Amino acid sequence: MTQQKDYQYRIERDSMGDRQISSSVYYGIQTLRATENFPISGIKPLSTYVDACVLIKKATAIVNGELGCISQETSQAIVEAADEVLAGKFRDQFVVDVYQAGAGTSHHMNVNEVLANRALEILGDQKGNYKRVNPNDHVNYGQSTNDVIPTAIRIGGLLALSRTLHPALEKATAALLRKAEEFQEIVRSGRTHMQDAVPVRLGENFRAWAHILSEHQNRIYTASGDLMVLGLGGSAAGTGMNTHPQYRARVVSVLSELIDCPLEPAPHLMAAMQSMAPFVNVSGALRNLAQDLVKISHDLRLMDSGPKTGLKEIQLPPVQPGSSIMPGKYNPVMAEMTSMVCFQVMGYDSAIALAAQAGQLELNVMMPLIAHNLIHSIEILGNTIAALTERCIKGITANKERCLAYAEGSLALVTALNPHIGYLNAAAVAKESLETGKSLRQIVLEKGLMSEKELAQVLNLQQMSQIVPLE
């Protein structure tokens, strides 16, 4: 019920009473109450999450209109309003803090109210005339927060993966492979336990990183398969109350077309509503990726350390001055940023795991936290990898002379002598080299352990650093 008082505000009524609402806003009384109840973080819903919820509302309006559950006029107006939001309009009207009422009812009603009021305008009516288009009775027909929000997390996750993370991983992998080819003939000293180890190819370092990212992308693809199984149609408790018999299958089919993804109805709607396992699975795959990204970013920083007192085997592209007091200093800021984002993703994963086990009986009321953390993790990882690729990886150069000097001076070269002079003799040669400063080659020749020709063959850095092929 709404009474129009003047041009400044309208009066809306819910089960708790009447409230004044600014005539300029598209949300309604339930959203207003939520903004008053939850002044927590100032963080508003992610754009991708809004997209997911609005796509669900579009699909349900289409199907409910086709099935005669709501009028065609109402259905078309809701769809048009949804399309406007998906095109970027009215984004400032989604105002409920991410830390809000359990299960996401407040955000859900925010979406319902915005679409209802915009649909009213499209029909030539005034905002708040809910007799004609009602947020609950029309926009939300046959739905509940309890099946819409877990579906929105699934759709939002799939959208975020396709828009940000997967493209970023593909570009990063390709850039690393190009660097692998560029640096393939450069030999550097390997390091294990942060100590000298046998020679390796710089190109193979980059090839290994590309392979690591590719494997993580495959793991994420596998985990995201769970997101394609939707419990939409379960309504309040997974029984499908107040839904048309054909609604469940048809709404999933329409959603599949809207996001171009092979979605399917969940085989058991109550299970889909209660278990947060799909989100935990995807979040775990993201955490796994983040852990290796931290390792790669740390490796880049170590290999670039210096320029005079560190390794300086590679040069990361300078992108900004590195110090407010030390002139000429440049820091590996893109790698540093990458680690920080990855730590945040790991923290989000822990919060998701805690929230996922906190459901009771027919519902998990911690879904707003899961929704924000999962979609945000995907998006910040994707944006981070994209930035790291463009502003760091693509511009890396190699210090070939420094790499070769380290490789030639490494005591670990003695490892290649093991099959020829034995482990104990090799250890003695390494010890003497460290104590006297003589080269390994010189000591081996002085002791007559090998001929000069044999030694030249064994201590061939190019041959030594090649990866043994798999037969």
**Q.** Candidate set: region 24-77, residues that are among the aliphatic types (A, V, I, L, M) and touching a Phe, Trp or Tyr at 6+ places or on another chain (Cβ under 7 Å); chosen: the one most open to solvent (accessible area, probe 1.4 Å)
**A.** I40
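Residues that are touching a residue at least 12 places away in the same chain (Cβ under 8 Å) and under 26 Å from the mean Cα position of the chain (by Cα): which helices (runs of 4 or more DSSP H) entirely in region 1-112 hold 2 or more of them?
Numbers: elements: 29-37, 47-66, 72-86.
Ranges flagged: 47-66, 72-86.
For every residue, the table says whether it meets (1) outside any helix (DSSP H, G or I); (2) in contact with a Gly (Cβ under 6 Å, 6 or more places away or on another chain).
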site: V198; (1), (2): yes, yes
site: F206; (1), (2): no, no
site: L232; (1), (2): yes, no
site: G238; (1), (2): yes, no
site: P245; (1), (2): yes, no
site: L255; (1), (2): no, no
site: N288; (1), (2): no, no
site: M303; (1), (2): no, no
Q. Pick from region 219-239 the residues that are touching a residue at least 40 places away in the same chain (Cβ under 8 Å) and more than 27 Å from the chain's Cα centre (by Cα): which of them is most open to solvent (accessible area, probe 1.4 Å)?
A. A236
Q | Restricting region 131-142 to residues that are surrounded by fewer than 23 Cβ atoms within 10 Å (Cβ to Cβ) and not polar (S, T, N, Q), the residue that is nearest to the chain's Cα centre (by Cα) | A | G142
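Which residues, counting only those in region 157-204, are of a type in the set (A, V, I, L, M) and touching a strand residue (DSSP E or B) at 6+ places or on another chain (Cβ under 7 Å)?
Of all residues in region 157-204, those of a type in the set (A, V, I, L, M) come to 158-161, 165, 168-169, 172, 174-177, 180, 186-187, 194, 197-198, 200, 202.
Answer for region 157-204, where residues must be of a type in the set (A, V, I, L, M) and touching a strand residue (DSSP E or B) at 6+ places or on another chain (Cβ under 7 Å): I186, V187, A197, V198, V200, L202.
Given the condition farther than 21 Å from P199 by Cβ and either out of contact with any strand residue (DSSP E or B) (no Cβ under 7 Å at 6 or more places or on another chain) or not aliphatic (A, V, I, L, M) (or both), answer yes or no: does some residue in region 396-418 qualify?
First pass over region 396-418, keeping only residues farther than 21 Å from P199 by Cβ: none.
No, there is no match, as no residue in region 396-418 is farther than 21 Å from P199 by Cβ and either out of contact with any strand residue (DSSP E or B) (no Cβ under 7 Å at 6 or more places or on another chain) or not aliphatic (A, V, I, L, M) (or both).
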Q) Restricting region 20-72 to residues that are touching a Gly at 6+ places or on another chain (Cβ under 7 Å) and aliphatic (A, V, I, L, M), which is nearest to L161 (Cα to Cα)? A) A52
Q. Quick one: would you say I396 is of a type in the set (A, V, I, L, M, F, W, C) and under 13 Å from the mean Cα position of the chain (by Cα)?
A. no
Q: Go through region 193-218 and count every residue that is closer than 30 Å to S162 by Cα and touching a residue at least 12 places away in the same chain (Cβ under 8 Å).
A: 12
(Q) When you scan region 173-192, do you find a residue that is over 18 Å from K394 (Cα atoms), in a strand (DSSP E or B), open to solvent by 50 Å² or more (accessible area, probe 1.4 Å) and touching a residue at least 12 places away in the same chain (Cβ under 8 Å), even just one? (A) no
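For region 410-469, name all the residues that are of a type in the set (S, T, Y), in a loop (DSSP other than H, G, I, E, B) and either surrounded by fewer than 18 Cβ atoms within 10 Å (Cβ to Cβ) or without any contact (Cβ under 8 Å) to a residue 60 or more places away in the chain (or both).
Keep residues of region 410-469 that are of a type in the set (S, T, Y), which gives 410, 415, 423, 433, 436, 439, 451, 465.
Filter again for in a loop (DSSP other than H, G, I, E, B), leaving 410, 439, 451, 465.
Answer for region 410-469, where residues must be of a type in the set (S, T, Y), in a loop (DSSP other than H, G, I, E, B) and either surrounded by fewer than 18 Cβ atoms within 10 Å (Cβ to Cβ) or without any contact (Cβ under 8 Å) to a residue 60 or more places away in the chain (or both): S439, S451.
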Q) Can you find a residue in region 330-347 that is farther than 30 Å from T105 by Cβ, over 25 Å from the mean Cα position of the chain (by Cα) and open to solvent by 80 Å² or more (accessible area, probe 1.4 Å)? A) yes
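The values are calculated or read from the model by the stated rules, or taken from the named source; none is laboratory data. What you see is a predicted model; the values in this text were computed from it and never measured. No Cβ is skipped: glycine too gets one built from the backbone with ideal geometry, and neighbour counts run over all protein chains shown. Each accessible area value is taken on the protein alone, full model and side chains, heavy atoms only, with ligands, DNA and RNA left out. Shrake-Rupley method; radii C 1.70, N 1.55, O 1.52, S 1.80 Å.
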